[in-house]
Amino acid sequence: MQIDLCAIGKVKEEYLRDGIAEYLKRLTGFCTVKVVEFSEERIKDGASSHEIALACQQEGKNLLKASGQAGYLIALDPRGVVISSEGLADRVRKLEIDGPHHVVVLIGGPHGLSDEVRNRADLMLSLSSMTFPHQLVRLIMLEQIYRAYTINRGLPYHR
């Protein structure tokens, strides 16, 4: 299965880059993962809600363009459903068996995702009711994908 993680913003912190690299390495035995990053749209201090919405729209267009012909889009959004690690493992297993075999996870910037991205998503997923930095979300999502594969393979990682 091919999983693309498309995200707004660059990961600046070395410890996050190291963690992301570690989970990308671990996932090579289970699936193919590609991380695609886009620059955040510049928003001036004191920007209006309209200006922020326009920036989110442009970021959304970049994310959707990168998703190409993906068969299944997951948008990470606070308004999405919250599922357990076992629930994610079940979805991954079903996608592996039934397809589509190309999944794209869309991660917005600090102002979130555009309505267009939310409307196009096959699954709107919330990682928690807490707020996380969008750079950290990449690491969390990769860890959860890895956990899903270890659950599905019966490996001892998930306890």
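Quick grid of which residues meet (1) under 16 Å from Gly9 (Cα atoms); (2) out of contact with any Phe, Trp or Tyr (no Cβ under 9 Å at 6 or more places or on another chain); (3) of a type in the set (Ser, Thr, Tyr); (4) touching a residue at least 24 places away in the same chain (Cβ under 8 Å):
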site	(1), (2), (3), (4)
Cys56	yes, yes, no, yes
Gly71	no, yes, no, yes
Leu76	yes, yes, no, yes
Ser85	no, yes, yes, yes
Contact list, first residue from the range 114-139 and among the β-branched types (Val, Ile, Thr), second anywhere and assigned to a strand (DSSP E or B), beta-carbon distance below 6 Å, six or more apart or interchain, is Val117/Ala75; Val117/Leu106; Val137/Ile107
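With a cut-off of at least 2 residues that are loosely packed, with under 13 Cβ neighbours inside 10 Å and of a type outside the set (Asp, Glu), name the strands (runs of 3 or more DSSP E) lying wholly within the range 41-159.
72-81
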For the range 123-144, how many residues are farther than 19 Å from Ile8 by Cα and at pLDDT 95 or above?
1
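The values are calculated or read from the model by the stated rules, or taken from the named source; none is laboratory data. Fair warning: this is a prediction, and the values are worked out from it, not measured in the lab. Please note: Cβ atoms are built from the backbone with ideal geometry, for glycine as well, and neighbour counts cover all protein chains shown.
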